[in-house]
Amino acid sequence: MSRVGSILVFLVSVLITITAAQEAPLTTVNSGPQGRLDSLAQANEIRIVFSEPMVALGRIPAKVDAPFVRISPAISGTFRWSGTTILIFTPDPKQPLPYATSYEVTIDGATAVSGRTLARAETFRFTTPTVRLLQTNWYRRDGTIGSPMVALLRFNQPVRAQDVAAHLTASLARHDWNPPAFTPEEETRLRALDPSGLKSFADKVAATRLVAAGGGAVGLRLTSDWDQKRFPASPDLVAFETTSLVRPESWVRLALDAALPSPAGPATPPGEQSFTIRAESAFFIEDFRCTSECDGDAWNPMRVRAPVRVADFAAALRATDITSGEQPVQKPSTPRPRPVYAPEASNFLTLEDAGFNAQPPNRKYVVVAAASLRAADGQTLGYPWLGIVDNWHMRAFTSFGDGHGVWEKDGGAQLPFYARNLLDVRQWASALEPSQLMPRLLELQKDRFNSPPAGDGVNRRLGVTPDRVQSHGLDLSGALRPGGTGLVWTAVREGELLPRTRRVGFEARTRASVIQVTNLGITVKDSPQNTLVFVTRLDSGDPVAGATVSIVRMDNSTFWRGTTGADGVAMAPETPLRDPANIWRRQLDFVVTAEKDGDIAYVGSDWNEGIMPWDFGTGVNLQEREPLLRGSVFTDRGVYRLGEEIHFKAILRHNSPAGVRLLPEGTAVLMTVRNAQNRLVDERVVRLTPWSSAEWTMTLPADGA
């Protein structure tokens, strides 16, 4: 073939391909709903999306006929076009679709605006919701294990009770079960207490394992007698009761087969549906929450696997102190009253619930429960139970303020701190110069007041009364000024513990504080406009005149210094000391100090106790210190043509803490004009008149938006 001939053949092939592409048949891009639906609402619209316009834009008919769509079984409703490609069928709301019904939608013979048609019929199907079990509740007839179970099955649609009964089976399901256990020491004591006790326990464990192994059918029958206050009757609710005994620790598996019919339609569920009812736990006593090395100040309940009434628990329990010898524990003549909110029966019960005092620290108890103990659901324990609890001392700790402290001068040079169950501590007391107050506070704050002063400190043995919080004195005399006042950096580090004691926390703590030994009290009210400092005597409350007041910033610079008047007040003007965007942080922004005749006191900006703004129905907004620009910009008329001149005027004011104010004459104001597409049209600086106003003109661009 010649070169020219090859080119002609190629061109003809391309033209044929393009023509074929242009004449691609009409198709459906999407359609729905499809498959099994979860709710009837999913069938509120049947949608078909075509690959190209089916009606002309601007000429979409109000009333739509779609003879090319067939729905089987037929549904009453109307068609409409959403745009030019989406056909929507809406079922008649007066005739909602029934449940459990399968529908087939066929599209055949549809023609697009272009004249193209579907190459072949297309079909999709959907099924409205079949019967589905939504919820299962159960209870015993009279709340005891010997009475029948009532099971209430709630479905997603009305059902016939007889249909449900015909397709429901119940059987005992296997599940894992672990019995409680005794320690070797407990077994020894239990054997001595009751030689047959361990066998009774083993027999009950074996019987419960047999129940947990499952197997066997459970008889059910329909019932119309159930608690209709809790479970009101409705067409979607069916109630059954058991006709065979269901023992505690049983798991009852309810199974509905896939042939369960609906009164509304022929479609059935896609598979079996099941729910497992877990009957009451078999009644065993688990143990105390803690049995060895227990904290003497911790809540230590006994856990039982079935709720027990407090009165029954108290009658069945006895305790013996075996710390040294065997001493029966007596109940106090006036037991502690139970809180009004405490339940009558519980799975967690304490010695106090049984009428005893709480087990003391550093004592070892044997607690015995009688085999006759009954649970609230009627189960009997059936074996004697014995548990041993070995309490240690209460946890050891020190308490030394929260990092800052005020100690009145007249209180003497012994600063108290508190400790429990510590044999010794290491303590520090170092004088702190006012010039170093802010740097030291920032360093201590960084490590949460856990750093002691330099040096080894002084090791100190403490006189300990076990499990008592005791006050101890820290001698400050070596760190005070001659007048008995001053700032002192103090610290106490926890040392050796009383035997059989644990700490509060994981390791020995060092608690540091900056203590001001003083007779000066400082009250500060700060704002960005001014700060009021009120200095008084701690011993008398009298105002202190002539006290030197300083406001010190975080860089240790003095922001302001002044002197109190006869009323004890000093007023610092223009004090924007805090970050307006972060006013609630628990960090220092500044400290205020007051000095008088060698006495010094301070207060930090992170001390926010006392009277708060909301006590007076107001809030805090430090940004109000800065003037807020307010005003109005307007033009000579409301509508303009492109290219026309616009006359602008602006009237501006400042909202300031002192009220609404004019801006100074000549103030430069940046004026920006943008169009609807946020593009810059004009920008200029104008100067304000003595009346805090301005005017200017601009010409709209000829090609503007």
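The values are calculated or read from the model by the stated rules, or taken from the named source; none is laboratory data. Treat the numbers as computed from the prediction; the structure is a model and nothing was measured. We place every Cβ from the backbone using ideal geometry, glycine too, and count neighbours over all the protein chains shown. With ligands, DNA and RNA removed, areas are computed over all heavy atoms of the protein, side chains included. Shrake-Rupley method; radii C 1.70, N 1.55, O 1.52, S 1.80 Å.
Can we say Leu670 is in a strand (DSSP E or B), exposed (fewer than 11 other Cβ atoms within 10 Å of the Cβ) and either of a type in the set (Ser, Thr, Tyr) or at pLDDT 95 or above (or both)? Before you say what the answer is, go through the steps one by one.
Numbers: in a strand (DSSP E or B): yes; exposed (fewer than 11 other Cβ atoms within 10 Å of the Cβ): yes; either of a type in the set (Ser, Thr, Tyr) or at pLDDT 95 or above (or both): yes.
Answer is yes for this residue.
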Selection count where residues are in a loop (DSSP other than H, G, I, E, B), under 41 Å from the mean Cα position of the chain (by Cα) and of a type in the set (A, V, I, L, M, F, W, C), scope the stretch 618-645: 1
Residues of the stretch 345-357 satisfying the condition of being assigned to a loop (DSSP other than H, G, I, E, B) and closer than 14 Å to Arg289 by Cα: Thr350, Leu351
Answer residue from the stretch 528-547, given it is among the hydroxyl-bearing types (Ser, Thr, Tyr) and within 19 Å of Lys409 (Cα to Cα) and is least open to solvent (accessible area, probe 1.4 Å) among those: Thr536
The listed residue being under 27 Å from Val552 (Cα atoms) and under 38 Å from the mean Cα position of the chain (by Cα), out of Arg500, Arg511: Arg511
Filter result (of a type in the set (Val, Ile, Thr) and exposed (fewer than 15 other Cβ atoms within 10 Å of the Cβ)) within the stretch 652-667: Val660
Single residue of the stretch 673-696 satisfying the filter (at pLDDT 95 or above and of a type in the set (Val, Ile, Thr)) that is least open to solvent (accessible area, probe 1.4 Å): Val686
Where a residue in the stretch 245-262 is touching a residue at least 12 places away in the same chain (Cβ under 8 Å) and its partner, wherever it lies, is charged (D, E, K, R) and outside any loop (DSSP other than H, G, I, E, B), with Cβ under 7 Å and at least six apart: Trp251/Arg278; Leu260/Asp163; Pro261/Asp163
Tally of residues being open to solvent by less than 30 Å² (accessible area, probe 1.4 Å) and small (Gly, Ala, Ser) across the stretch 67-108: 1
Wholly within the stretch 109-218, strands (runs of 3 or more DSSP E) carrying at least 3 residues that are within 39 Å of the chain's Cα centre (by Cα): 133-140, 149-155
Cβ pairs under 8 Å, 6+ apart, first in the stretch 520-539 and farther than 17 Å from Trp607 by Cα, second buried (at least 21 other Cβ atoms within 10 Å of the Cβ) and of a type in the set (Ser, Thr, Tyr): Leu538/Thr518
Tally of residues being open to solvent by 40 Å² or more (accessible area, probe 1.4 Å), within 19 Å of Ala570 (Cβ to Cβ) and among the aromatic types (Phe, Trp, Tyr) across the stretch 582-636: 1
Residues (of a type in the set (Ser, Thr, Tyr) and in a strand (DSSP E or B)) located in the stretch 409-437: Tyr418, Ser430
Number of positions in the stretch 624-652 that are under 12 Å from Thr699 (Cβ atoms) and among the acidic types (Asp, Glu): 2
